[in-house]
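What follows is one structure encoded as C-alpha cells, with my remarks underneath.
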Amino acid sequence: MAFVVTENCIKCRFTDCVDVCPVDCFHEGPNFLVIDPDECIDCTLCEPECPANAIYAEDELPEGQEIFISLNAELAKQWPVITEVKSPLPDADEWNGKADKLKLLEK
C-alpha cells in the first residue's frame with residue numbers, strides 16, 4: 001500500500017512533504033505533486049507534513065478521491081523526482097480547500 005496525493009494539492013503544490021521523504025518518491029508537475037507507488041515505503045512521514053491535508057494512505061482515501069491512485073502512478077512515470085523544498089505556487093493559500101480542482105490539473 002502506498003500513500004496518495006489527492007485533489008487538494010492541485011494549484012497549491014506545497015512541498016513540505018518532500019523534505020521528510022526518506023526514499024524520494026515525490027514527483028513534481030506544473031501544479032501538483034504525486035507519489036510513486038513503486039517507491040513509497042509507507043513510512044507515514046509525509047502525511048502529517050502536508051499543509052493542504054492532501055496525502056492519504058491508499059486504503060483511507062476520502063470518497064471521490066480514488067482516481068488519484070491511478071493518476072499518481074501514471075504521472076510519477078512522466079514527471080521528475082523532487083527532493084528539495086520549494087515555495088508553494090503563488091496563490092496556493094487561495095486554492096487550498098477548494099473543491100472540484102481535478103479539471104485544473106496540468107499534465
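The values are calculated or read from the model by the stated rules, or taken from the named source; none is laboratory data. Fair warning: this is a prediction, and the values are worked out from it, not measured in the lab. Because the Cβ atoms are built from the backbone with ideal geometry, glycine has one as well, and the counts that use them run over all protein chains shown. Side chains included, ligands, DNA and RNA excluded: accessible areas come from the protein's heavy atoms. Shrake-Rupley method; radii C 1.70, N 1.55, O 1.52, S 1.80 Å.
Identify the residue in the range 1-43 that is part of a helix (DSSP H, G or I) and open to solvent by less than 20 Å² (accessible area, probe 1.4 Å) and, among all such residues, is nearest to residue 99 (Cα to Cα).
We begin by selecting, within the range 1-43, every residue part of a helix (DSSP H, G or I); these are 7-9, 16-20.
Keeping just the survivors that are open to solvent by less than 20 Å² (accessible area, probe 1.4 Å) gives 9, 17-18.
Details: 9: 11, 17: 21, 18: 24 Å.
Within the range 1-43, the match that is nearest to residue 99 (Cα to Cα) is 9.
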Those residues of the range 54-107 which are among the hydroxyl-bearing types (Ser, Thr, Tyr) and touching a helix residue (DSSP H, G or I) at 6+ places or on another chain (Cβ under 8 Å) amount to 56, 83
Across (1) over 11 Å from the mean Cα position of the chain (by Cα); (2) more than 24 Å from residue 103 (Cβ to Cβ), residue 65 clears everything bar (2)
When every residue in the range 69-105 that is small (Gly, Ala, Ser) and farther than 16 Å from residue 12 by Cα is compared, the one most open to solvent (accessible area, probe 1.4 Å) is 70
